[in-house]
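Read the structure below first, then the notes.
The values are calculated or read from the model by the stated rules, or taken from the named source; none is laboratory data. Quick caveat: nothing in here was measured; it's all calculated off a predicted structure. Please note: Cβ atoms are built from the backbone with ideal geometry, for glycine as well, and neighbour counts cover all protein chains shown. Side chains included, ligands, DNA and RNA excluded: accessible areas come from the protein's heavy atoms. Shrake-Rupley method; radii C 1.70, N 1.55, O 1.52, S 1.80 Å.
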Amino acid sequence: GVGGGERANALRRAAALAARRAHGMGVGKLAFYAGTLDATELENAAVGLAMGPWEYRDLKSPVPEAERRAPLTDATILVTDEAQATQALANGEALAAGYDLARRLAMMPGNLCTPDYLADTAREIAGRHGMKLTVLGRAEMEKEKMGSFLCVAQGTPQDPKLVALEYRKGNGGSPLVLVGKGLCFDTGGISIKPADRMEYMKFDMCGAAGVLGAMEAIARLGLPIDVVGIIGATTNMPSGEAVKPGDVVQAASGKFIEIINTDAEGRLVLADLLHYARRFEPAAVVDAATLTGAIVVGLGHTATGVFANDDALAGELLAAGRRASEPGWQLPMWDDYKELIKSDVADIKNTGGRAAGSITAALFLKEFAEGYPWVHLDIAGTAYSETDLVALPKGPTGVPVGTFVEFVRGRAR
């Protein structure tokens, strides 16, 4: 036997594996014996069954009739207590819908999943669930003096988007705010990335996809709480207009930033999003971003990097990640590291070099996360996989949808 959280996680994985295998075999239907599973375990099994057969076929020609296998369309879960199971399965379906949305957005190529498309997706979610929607484009962000976000977008003709979704089912108190980095494609800009494997940079919007997926799941769960989801979407392109190393820009907070590396652009977008979050007078802010290659070097593809200005809140997110089968690991944010991002010409520089790269990125963000408890999730290693994960195919994992949802659920209780 395995412990509570581990058992639920193992069940989710087993169910996903079974569903993926059944889908590949073309059996069409599957029965899962749940026996004496408790509500949490049942919910995890339901999520696994839904996630296992997932594939992105929108851009593939249909398989010829003769070679077609029946897709897995039905999964029956055999239970002993139907009353308890009904709610658990509904919860599982709500969570699975959030994962499904996030993975579909992530898998879409950058020419289709544009900032406009992410804004339209948010509009669709808002319409179905009665959320308030705010969308700012380049002109509106200029009025807000978002020089940090806009410098990333100045090299692309596509209109950047800041999108805020407000889910108000609480008592009108301070909302929880979820923030996501939405780089629809990241070339690195003038500090251009190597060509090899650059195509994976379509996944640089997985934080934003996670926010949209979480808002979908939270609404379907009907959680009695106030939550705001904010995403910042653009592409980072090299062009005659693009921001250059050595340029200095001013963020909405008033701080001046020296650009050392134009590929450290996610933190420039997040700086203005984190400042924007203040207007909601948040109880807590959690951001998720595929932020640094350094976190992959440090933690691999197993754990999300967790950074915080509030240890109690960090503990909540670590626990939420455990419940969601999305483990995280907290890294230090000591002041000693701040020396690395001191600028000669501005208040701060946007990268501190190779050493402690994830920590200096988090410390950069911390400068803009003022006046509220805040946690940063660096999901660069966990949001997508470049290899087959057995239970899940290669591509987007759905991280951080589960962590966001479990955090909000924990507060809603």
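Overview of values
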item: Taking the convex hull of Cα positions in region 353-413, its mean projected area over all directions (nm²); result: 6.3
item: Relative contact order (%) - the chain, alpha-carbon pairs under 8 angstrom, separation at least six; result: 17
item: For Ile77, residues with placed amide H under 5 Å, excluding near neighbours; result: Phe32
item: FRET efficiency, Arg354 to Asp310 (Cβ-Cβ, R0 22 Å, nearest 0.05); result: 0.20
item: Normalised alpha carbon radius of gyration of region 17-159 [divisor 2.2 N^0.38 Å]; result: 1.42
item: Protection proxy ranking of 263-276, 167-180, 144-157 - average other beta-carbon atoms within 10 Å, highest first; result: 263-276, 144-157, 167-180
item: Karplus-derived 3J(HN,Hα), 6.51/-1.76/1.60, for each residue of region 173-179, Hz, glycine and proline x; result: x, 5, x, 7, 10, 9, 10
item: Sparsely packed chymotrypsin sites (Phe, Trp or Tyr not before Pro) within region 330-380, loop by DSSP, other Cβ within 10 Å at most 14; result: Trp334
item: Most to least packed among 341-351, 90-100 [average Cβ atoms within 10 Å]; result: 90-100, 341-351
item: Cross-link reach list, lysines versus Lys338, counting only Cα pairs under 29 Å and skipping chain neighbours closer than eight places; result: Lys145, Lys181, Lys193, Lys244, Lys255, Lys349, Lys366
item: nm² value of the averaged projected area, convex hull over the Cα atoms of the chain; result: 20.3
item: Region 70-116 versus region 330-379: alpha-carbon centroid distance in Å; result: 36
item: Largest to smallest accessible area among Ile190, Ile231, Ile77 [probe 1.4 Å]; result: Ile190, Ile77, Ile231
item: Contact order normalised by residue count of region 1-91, Cα under 8 Å, 6+ apart, percent; result: 41
item: Charged-residue dipole, Cβ positions (Lys, Arg, Asp, Glu), the chain about Cα centre, Debye nearest 20; result: 560
item: Top of Thr134, Thr387, Thr86 by mean-square fluctuation, Gaussian network on the chain, Cα under 10 Å; result: Thr387
item: With every protein chain in place, region 92-200: carbon and sulfur % of accessible area (1.4 Å); result: 51
item: Globularity index of region 129-285, i.e. its alpha-carbon radius of gyration over 2.2 N^0.38 Å; result: 1.07
item: Rounded percent of accessible protein surface that carbon and sulfur make up, region 321-413, 1.4 Å probe; result: 51
item: In order through region 277-294: 3J(HN,Hα) via Karplus (6.51 cos²θ - 1.76 cosθ + 1.60), integer Hz, x for Gly, Pro; result: 4, 4, 5, 8, 6, x, 6, 6, 10, 10, 10, 10, 7, 6, 8, 9, x, 4
item: Most positive-pole-ward Cα, Leu89, Pro53, Ala75, against dipole of region 34-99 from beta carbon charges; result: Pro53
item: Helix 4-25 vs. the chain, principal-axis angle (Cα, 0 to 90°, nearest 10); result: 70
item: Per residue solvent-accessible surface (Å²) - the chain, probe of 1.4 Å; result: 42
item: For Ser385, distant residues with modelled amide H under 5 Å away; result: Gly395, Thr397
item: Residue-wise HN-Hα coupling along region 152-161, computed from phi with Karplus coefficients 6.51, -1.76, 1.60 (Hz; x: Gly, Pro); result: 5, 8, 6, x, 10, x, 5, 6, x, 9
item: Volume of the Cα convex hull of region 328-375, divided per residue and given in Å³; result: 83
item: Net charge dipole size for region 175-259 [Lys, Arg +1 and Asp, Glu -1 on Cβ; Debye, nearest 20]; result: 100
item: Length-normalised contact order for region 156-311 - Cα pairs under 8 Å, 6+ apart - percent; result: 34
item: Linear extension gain, Ala83 paired with Glu370, 0.36 nm per residue minus alpha-carbon span; result: 98.7 nm
